[in-house]
Amino acid sequence: MRSVFKPFYMHGKKIILTLAILSLVNCKKEVSDEPINASVNNQNLDCATCPSLFHPFTDLSNEVTETCDDFTNEDIYPSDFILTEGIIGYSQEGTHSITLLEGGFVQINEGATEPGFYGANSLIFDFDGSDQTATFIVYGFEGSFDEMGFSVNGSPTVYYSETFPYTVEGVTIDIDLSIPDIADWEAFEVTFTGEIDYITQLQFESGITELCVSKVIPPEPPVINQDTYVYFDAFYNYDGTELGSYPNYKTPLGYYGLQATNMVIKFDEFLGYEPTKLSFVHAYSEDQSKLVNVQLPNTPLIITVPDSLNYYLEPYGYGIEHYFKTGANLWVDQSSPPVTGKVLDSIIITGNNINEVILGANLNESELRSICTYYEQ
């Protein structure tokens, strides 16, 4: 296992760098808790805010593509009545099939009062398995919502009478009832977000008029300068395989990503003291990975979950305080409001001379943030 540590020596430029940089990275007490949410970010530390300003990471952006299929367009989906199992059309610029299962019927654009795909059936919409958002416009009678529903990636059927948002097979589903009605029908948008292979829409005297699919096209991996005192590096799984090496966005508090990353920090190159406490925060969805990487002076790279950190670090003279909170906020970029209802691990590491560290998380739509140091004489 490779190490980022080097023998201790005095850095001649330390004092100069301290005066210039300490105001950015040293902990500062602030009254406001927006957007830092200080009471849960760094509990039991005399450090209200210390957001991860080390690396701005503003040179990376993802391209978002969107395709929309209007099933009421009779030039593309001409009027028809189908009882036979099989493909009835295609979506996403003709690349993914729409299949009627045996035992139902679909009526395609037979009239203005029943536009798009209307019927009583199971329609399978195929996708490419990537992380994406698929939004359908659905209509039906509200009293029949307990007989209308969907299945994602082969999951059991979930009915529209359930409480939303709803998560199944790692895909989050939400509905919006505020859109205009269609003829005499109650219309709503249903949005699926996650890694989608296929969605089966269970229709019961109901219809579907539109499908829009948006997905992120990741850019080429950035070139990370590893000659500086803070940089991103490979994150490791239990078996030693790499899960990622950089985040995707800077947030007000840290970094948000779709993969995994480790942050290598050489505090002794710019701090005027050697930290005796270090805290960091990982915010994520409840059903996602808690895996973290941690390496401290004189330790190997530790790959584990927060609850096990104390077991691995105690033999090296370090102590761990682990705080867990539900209903927390998660930031995905610099400008968007936070996503609510997430879980948060606030981890405090105590020890002597914590001057060079690796801290990382399997981000996977989560946020590594608020890396904060503290000195106790």
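The values are calculated or read from the model by the stated rules, or taken from the named source; none is laboratory data. Worth saying up front: this structure is predicted, and the values here are computed from it rather than measured. As a convention, Cβ positions derive from the backbone with ideal geometry for all residues, glycine included, and neighbour counts pool all protein chains shown. Calculation scope for accessible area: heavy atoms of the full protein, side chains included, ligands and nucleic acids excluded. Shrake-Rupley method; radii C 1.70, N 1.55, O 1.52, S 1.80 Å.
Within segment 135-157, none of the residues are open to solvent by 40 Å² or more (accessible area, probe 1.4 Å), assigned to a strand (DSSP E or B) and at pLDDT 95 or above.
Every residue, every condition in (1) part of a loop (DSSP other than H, G, I, E, B); (2) among the hydroxyl-bearing types (Ser, Thr, Tyr); (3) farther than 19 Å from residue 372 by Cβ, yes or no:
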{"residue": "224", "(1), (2), (3)": "yes, no, yes"}
{"residue": "228", "(1), (2), (3)": "yes, yes, yes"}
{"residue": "232", "(1), (2), (3)": "no, no, no"}
{"residue": "246", "(1), (2), (3)": "yes, yes, yes"}
{"residue": "265", "(1), (2), (3)": "no, no, no"}
{"residue": "274", "(1), (2), (3)": "yes, no, no"}
{"residue": "280", "(1), (2), (3)": "no, no, no"}
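Restricting to segment 107-117, count the residues that are under 25 Å from residue 67 (Cα atoms) and either in contact (Cβ under 8 Å) with a residue 40 or more places away in the chain or charged (D, E, K, R) (or both). Number satisfying all stated conditions: 6.
Per this entry, residue 168 is not counted among residues that are within 20 Å of residue 72 (Cβ to Cβ) and among the hydrophobic types (A, V, I, L, M, F, W, C). Answer yes or no as to whether residue 308 is without any contact (Cβ under 8 Å) to a residue 24 or more places away in the chain, of a type in the set (S, T, N, Q) and within 21 Å of residue 243 (Cα to Cα). Yes. Entry remark, segment 328-377: residues being out of contact with any Pro (no Cβ under 9 Å at 6 or more places or on another chain), open to solvent by 30 Å² or more (accessible area, probe 1.4 Å) and among the hydrophobic types (A, V, I, L, M, F, W, C) number 1 in total. Of the candidates 292, 281, the single residue that is within 15 Å of residue 323 (Cβ to Cβ), crowded, with 22+ Cβ neighbours inside 10 Å, out of contact with any Leu (no Cβ under 7 Å at 6 or more places or on another chain) and not basic (Lys, Arg) is 292. Taken over segment 283-306, the criterion of being in contact with a His (Cβ under 8 Å, 6 or more places away or on another chain) and charged (D, E, K, R) is satisfied by 290 alone.
How many residues, within segment 98-134, are in a strand (DSSP E or B), of a type in the set (Gly, Ala, Ser) and open to solvent by less than 20 Å² (accessible area, probe 1.4 Å)? Steps first, please.
Start the filter on segment 98-134 by keeping residues that are in a strand (DSSP E or B), which leaves 98-100, 105-108, 117-126, 131-134.
Subset that is of a type in the set (Gly, Ala, Ser): 119-120, 122, 134.
If we keep only those that are open to solvent by less than 20 Å² (accessible area, probe 1.4 Å) too, we end up with 119, 134.
So the answer is 2.
The set of residues from segment 163-182 being assigned to a loop (DSSP other than H, G, I, E, B) and open to solvent by less than 60 Å² (accessible area, probe 1.4 Å) comprises 164, 170, 179.
Closer than 25 Å to residue 124 by Cα, in contact with a helix residue (DSSP H, G or I) (Cβ under 7 Å, 6 or more places away or on another chain) and touching a residue at least 12 places away in the same chain (Cβ under 8 Å): which single residue out of 205, 210 fits that description? Testing whether each residue is closer than 25 Å to residue 124 by Cα, in contact with a helix residue (DSSP H, G or I) (Cβ under 7 Å, 6 or more places away or on another chain) and touching a residue at least 12 places away in the same chain (Cβ under 8 Å) leaves just 205. Kindly evaluate residue 325 against the criterion of being outside any loop (DSSP other than H, G, I, E, B), open to solvent by 60 Å² or more (accessible area, probe 1.4 Å) and farther than 27 Å from residue 239 by Cβ. Spelling it out, residue 325 is indeed outside any loop (DSSP other than H, G, I, E, B), open to solvent by 60 Å² or more (accessible area, probe 1.4 Å) and farther than 27 Å from residue 239 by Cβ. If the condition is being surrounded by 23 or more Cβ atoms within 10 Å (Cβ to Cβ), under 13 Å from residue 293 (Cβ atoms) and either more than 16 Å from the chain's Cα centre (by Cα) or among the β-branched types (Val, Ile, Thr) (or both), then segment 233-264 contributes 235, 261, 262, 263. Each residue in segment 183-210 was checked for being surrounded by 14 or more Cβ atoms within 10 Å (Cβ to Cβ) and not in a strand (DSSP E or B), and 2 of them qualify. Please determine whether any residue of segment 213-231 is under 20 Å from residue 284 (Cα atoms) and open to solvent by less than 20 Å² (accessible area, probe 1.4 Å). No, the conditions are met nowhere in segment 213-231.
Consider segment 297-317 and keep the residues that are surrounded by fewer than 18 Cβ atoms within 10 Å (Cβ to Cβ) and assigned to a helix (DSSP H, G or I). The one that is nearest to the chain's Cα centre (by Cα) is 307.
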